[in-house]
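Take a look at the structure below.
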Amino acid sequence: MNYRKLETRNPAAIREMFSRIAPRYDFLNHLLSFNIDRHWRKRVCRRLDDILENPAAVVLDLACGTGDLSIELKNVGKAKIFGVDFCHPMLQLAMQKTDSVPFIEGDGLNLPFEDLCFDAVTIAFGLRNFADWELGLRESYRVLKPFGRLVVLEFSTPVVPGFKQVFDFYFNKILPFVGGFLSRSMEAYAYLPRSVSHFPDQDGLKRMMEHVGFSKVEYENLTGGIAAVHCAWKL
Ligand SMILES: C[S@@+](CC[C@H](N)C(=O)[O-])C[C@H]1O[C@@H](n2cnc3c(N)ncnc32)[C@H](O)[C@@H]1O
């Protein structure tokens, strides 16, 4: 695996990396996050309670991977959920989990949907991996209906002094080793902290969303800012 290419978020390299780790992705997600990732995904659903309650609403879970957020969105409400990802092996695992969510192979930078067709778009731990973050946000904006909502869950910058140092040690030293060893892909779990360090922090992502045209952008820090959930409206 070519680190330089990964650092510039070469889409083919990213897809190949997720193809390789797909079989162990869920297991490692839950293990390395001490299961906190499940709680974080529920926070995304909370941001969409009203939309999810509506049986006529249509929600896109972009970069859905193995489908955990898509399934959570489906289970808490009555809305129609679609999952999209460009990595076939990840989608195959998603399809094995449920047949109540259509999973579609597609690129988040060139979505296979017309303008104005979704009431909400979610992206969990996906945007950071896009070759072009702004373009990913623009595509989400394009497919959202007026008054539609975007919710992005992503790793972010811990805000609690002391905790930040402990977390940085875990995230940069322990996680890459354990994740790399168990996934048999040292590159993928070395890439994870590096990609987070290159990604904008909470306020940087908020500004990027505003720049793309989203309104009323707000965010909530999760677990001391390890992750953040950003919520934005297309008005
Ligand atoms: C870390 S996983 C997150 C999966 C899932 N959302 C979750 O919460 O576990 C990142 C996903 O983003 C997908 N991805 C990255 N770039 C993409 C793109 N341009 N279009 C669609 N999916 C993309 C990858 O294939 C991968 O499945």
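Yes/no per residue for (1) small (G, A, S); (2) within 14 Å of the ligand (Cβ to nearest atom); (3) in contact with a helix residue (DSSP H, G or I) (Cβ under 6 Å, 6 or more places away or on another chain):
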site: G77; (1), (2), (3): yes, no, yes
site: M95; (1), (2), (3): no, yes, no
site: P102; (1), (2), (3): no, no, no
site: N110; (1), (2), (3): no, yes, no
site: D119; (1), (2), (3): no, no, yes
site: F147; (1), (2), (3): no, no, no
site: V151; (1), (2), (3): no, yes, yes
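Being more than 27 Å from T223 (Cα to Cα), out of contact with any helix residue (DSSP H, G or I) (no Cβ under 8 Å at 6 or more places or on another chain) and buried (at least 21 other Cβ atoms within 10 Å of the Cβ) is a description that applies to L91.
For region 79-93, a tally of residues being among the aliphatic types (A, V, I, L, M), touching a strand residue (DSSP E or B) at 6+ places or on another chain (Cβ under 7 Å) and more than 9 Å from the ligand (Cβ to nearest atom) returns 2. Name every residue in region 33-47 that is closer than 20 Å to N172 by Cα and more than 12 Å from the ligand (Cβ to nearest atom), in order of residue number. Answer for region 33-47, where residues must be closer than 20 Å to N172 by Cα and more than 12 Å from the ligand (Cβ to nearest atom): F34, N35, I36. Here the condition is being in contact (Cβ under 8 Å) with a residue 60 or more places away in the chain, surrounded by fewer than 22 Cβ atoms within 10 Å (Cβ to Cβ), within 9 Å of the ligand (Cβ to nearest atom) and hydrophobic (A, V, I, L, M, F, W, C); of A57, A22, A124, A63, it holds for A22 alone.
Scanning region 24-62 for residues that are closer than 24 Å to V178 by Cβ and in a loop (DSSP other than H, G, I, E, B) yields S33, F34, N35. Scanning region 127-145 for residues that are among the basic types (K, R) and away from the ligand (no atom under 15 Å from the Cβ) turns up just one, K145. For L73, indicate whether it is buried (at least 18 other Cβ atoms within 10 Å of the Cβ), more than 10 Å from the ligand (Cβ to nearest atom) and under 22 Å from F113 (Cβ atoms). So L73 passes the test. Of the helices (runs of 4 or more DSSP H) contained entirely in region 109-185, those carrying at least 2 residues that are of a type outside the set (F, W, Y) and at pLDDT below 95 fall at 163-169, 175-183.
The values are calculated or read from the model by the stated rules, or taken from the named source; none is laboratory data. Being a predicted model, the structure only gives us computed values, none of them experimental. Ideal geometry is used to build each Cβ from the backbone, glycine not excepted, and the neighbour counts take in all protein chains shown.
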